[in-house]
Amino acid sequence: MRQLQIGVMGSAADLGYGDSVEKLAEEIGVLIAKNGATLVFGAEKDSDSLSTAACRGAKSAGGLTVGITYGKGKRVWERNEADFIVASGLERGGGRETVLVLSCDAVIAVSGGSGTLTEMAIAYQADIPMIAMKNVGGWSEKLADNYLDERKRRYAFGASTPQEAVEIALREAAAYRKAEEDQG
């Protein structure tokens, strides 16, 4: 049986997140790896991000990491940490984010700007479980413990700690995968 694939979405460095939020993202990556899941993240070409911090954390714990990047090349910021790079051939701002999110059994948002909002909206539309970190600013804080619209298709679980986020992600991802398998 394949490993659960947990995505970590979050702010790029140009949004100026603090060291404590970066360490939180790294800890999420560590916990994903320690629980035997694969970390899927948005591989960046030009700067660090909270997603790449999660990748570093997962690698430090011996985990498997898959980065989805935009464009054609596989040269990315986290070139020494990522096990696999998938060059989507698509641009940032929708295409790459779709490939990234649809590759996940659950997604965890950490802070985040417009890219993270896009990823959460894609997860919502695709009925993929969403976990949003609280107390870190950005879109994750705004979306935590809410539905994205009045259809109430999928709830964005709020989490206060990395442990809580990963625990919810693993539980919801297992249920999501089982439902997919039951559908054939």
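Having 2 or more residues that are β-branched (Val, Ile, Thr) is the bar; report the helices (runs of 4 or more DSSP H) wholly within region 109-184 that clear it. Lay out the reasoning, then the answer.
Working: elements: 114-126, 138-143, 162-183.
Output list reads 114-126, 162-183.
Scanning region 6-27 for residues that are surrounded by 19 or more Cβ atoms within 10 Å (Cβ to Cβ) and either out of contact with any helix residue (DSSP H, G or I) (no Cβ under 9 Å at 6 or more places or on another chain) or part of a loop (DSSP other than H, G, I, E, B) (or both) turns up SER11, TYR17. All conditions in (1) crowded, with 18+ Cβ neighbours inside 10 Å; (2) touching a Lys or Arg at 6+ places or on another chain (Cβ under 7 Å); (3) under 30 Å from LYS178 (Cβ atoms) hold for TRP77, with the sole exception of (3). Sub-7 Å Cβ pairs linking a first residue in region 165-184 that is within 27 Å of VAL136 (Cα to Cα) to a second residue that is among the aromatic types (Phe, Trp, Tyr), at least 6 apart or interchain, are ILE168/PHE157, ordered by first then second residue.
Of the residues making up region 112-145, not one is in contact (Cβ under 8 Å) with a residue 60 or more places away in the chain and among the aromatic types (Phe, Trp, Tyr).
Yes or no, residue by residue, for (1) touching a Lys or Arg at 6+ places or on another chain (Cβ under 9 Å); (2) of a type in the set (A, V, I, L, M):
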site: VAL136; (1), (2): no, yes
site: LEU143; (1), (2): no, yes
site: ARG151; (1), (2): no, no
site: SER160; (1), (2): yes, no
site: GLU164; (1), (2): no, no
site: ILE168; (1), (2): no, yes
site: ALA173; (1), (2): no, yes
site: LYS178; (1), (2): no, no
site: GLU181; (1), (2): no, no
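The set of residues in region 46-65 that are out of contact with any Ser or Thr (no Cβ under 6 Å at 6 or more places or on another chain) and not in a helix (DSSP H, G or I) comprises ASP46, SER47, ASP48, SER49, ALA61, GLY62, GLY63, THR65. Residues that are in contact with a Ser or Thr (Cβ under 9 Å, 6 or more places away or on another chain) and more than 16 Å from SER103 (Cβ to Cβ) were ranked within region 30-45; the one that is surrounded by the fewest Cβ atoms within 10 Å (Cβ to Cβ) is LYS45.
Every number in this text was worked out from the coordinates using simple rules, so none of it is lab data. Since the structure is predicted, the reported quantities are computational estimates derived from the model, not experimental observations. Backbone-built Cβ (ideal geometry, glycine too); neighbour counts: all protein chains shown.
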